[in-house]
Amino acid sequence: MTFSVVIPAYNEEGNIAPLTAAIRETMDRLGLWELIYIDDGSTDGTLAAFQREREKDSRVNIIRFRRNFGQTAAWAAGFDHARGDIVIVLDADMQNDPSDIPAMVDVLTREGYDVLSGWRKDRKDAGTLKLGSKIGNWIHRFATSEKIHDHGCSLKVYRREALYDLELSGEMHRYITALLSWKGYRVGEMVVRHHPRRRGSTKYSIRKKLKGFLDLIIVKFWIQYSARPIHFFGAIGVALVGAGLLLGGILGTLWLLRMISLQGRSTPLLAVLLVIIGLQFIMTGVLADIVAKNYYATKKAYSIASREGFDETGEIGTVRALPQHRTAASSAIHAQLDDQSV
Ligand code: UDP
Ligand code: MG
């Protein structure tokens, strides 16, 4: 089994060195691995911190976004580049604990899950953040009828197949498990550790969380009707046309029987209006259907400025000497690793 660890970072310079050390420590015990760092348009020294780690260890790969595209797009880029059988995602802020990974991988493979989601049962964040996320989780459970407790936890372990046809945009990373279970993948959860943020600051404001909520409406619609939006719009349209025809029919019959006069009445207009609005709904449904089909073929939600690593030939886990800027320290590490591999 091979592993890809995907970590997006937006202005997390202070966290990168200790995080990489912690990842290496854990992953070396698990097997062959690669680390994919995504610099989501940071304005601090995050990219330089990534590059320092790559100089020391060629298993560290870097994707640099042209601007800040958000955590969802960063995950999507990581997923598109991951080559491991198992893909592990966590935050760069060291709030997730890499030492949870081995147990998660174990549960995933043993229980046959496609995704195993972390559950921050004892969450170490500010009260408002926690309350907001509690309400968010509640609405989420209500809307998607998904059983998982903590949708906001980034620490998740995936079988790579599950990520193949995942389309991510907006702030949808919170709904990955909902989307996956809708597609028929098996989703499990496991209690994980959580630490307070010690370096850097949180990137999420109430405004961003609200955007996430709007995404939920789309996810809800998507889960139920994405395959055939015409079923949603068409049903409303047919109901309206039906009501209009019924009303028109009743009025027409009464008029023919000379029981009522249509002179100066607005009800016939209502009947006509219902039919027209109904037809509009059906047309919208047809258009939405076409748009949805297009959606599946649209381009990615991010733009990459540059990449380092991901060589076509290199297998995951092989430590290669990197020609550029090798420091004395990194040469020593490579020599050591070379020794180990013989
Ligand atoms: N992040 C990112 N792009 C963004 C916002 C956040 O890559 O636009 C990263 C951030 O660097 C961190 C993770 O997403 O690694 C989670 O962000 P944060 O810790 O700020 O969220 P919180 O834990 O406060 O919900
Ligand atoms: Mg955090």
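The values are calculated or read from the model by the stated rules, or taken from the named source; none is laboratory data. Not measured: the values here are computed from a predicted model. So basically every Cβ, Gly included, is an ideal-geometry build from the backbone, and we count neighbours across all protein chains shown. Ligands, DNA and RNA are excluded from the accessible area calculation, which covers all protein heavy atoms including side chains. Shrake-Rupley method; radii C 1.70, N 1.55, O 1.52, S 1.80 Å.
Tabulated data for the structure shown
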read-out	value
DSSP beta bridges in the chain [antiparallel fraction, %, rounded to 5]	35 percent
Length gained when the stretch Ala321-Ile217 is fully extended (0.36 nm per residue, less Cα-Cα span)	32.6 nm
Relative contact order (%) - the chain, alpha-carbon pairs under 8 angstrom, separation at least six	23 percent
Percent RCO, i.e. relative contact order, over the stretch 1-139, from Cα pairs under 8 Å lying at least 6 residues apart	31 percent
Aspartates and glutamates with Cα under 15 Å of Lys121, excluding same-chain neighbours fewer than 8 positions away	Asp97, Asp100, Asp150, Glu189
Under the span-like rule (Cα at least 24 Å along the axis, Kyte-Doolittle mean at least 1.6), DSSP H helices of the chain	229-256, 267-295
For peptides 192-203, 254-265, 3-14, sequence by mean Cβ density within 10 Å, most packed first	3-14, 192-203, 254-265
Rounded FRET efficiency, nearest 0.05, which uses the C-beta distance separating Met259 from Thr128 and R0 of 51 Å	0.20
Gain upon complete extension [Val191, Ile290; 0.36 nm per residue less C-alpha separation]	31.4 nm
Choice from Ala243, Ala82, Ala178 showing the highest fluctuation, given a GNM over the chain with Cα pairs closer than 10 Å	Ala243
Exposure ranking of Trp33, Trp182, Trp119 by accessible area [1.4 Å probe, largest first]	Trp182, Trp119, Trp33
Theoretical ellipticity at 222 nm over the chain - DSSP helices of four or more residues, -39500 (n - 2.57) apiece, nearest 500	-16500 deg cm²/dmol
Simple Cβ-charge dipole of the chain, Lys/Arg +1 and Asp/Glu -1, about Cα centre, in debye nearest 20	1480 debye
Residues whose placed amide H lies under 5 Å from that of Arg193, excluding near-sequence neighbours	Asp97
Of Lys130/Lys156; Lys130/Lys183; Lys147/Lys211; Lys203/Lys293; Lys134/Lys156, those spanning more than 25 Å from alpha-carbon to alpha-carbon	Lys130/Lys183; Lys203/Lys293
Long-range amide H partners of Val6 with built H, under 5 Å	Ile36, Ile88, Val89, Leu90
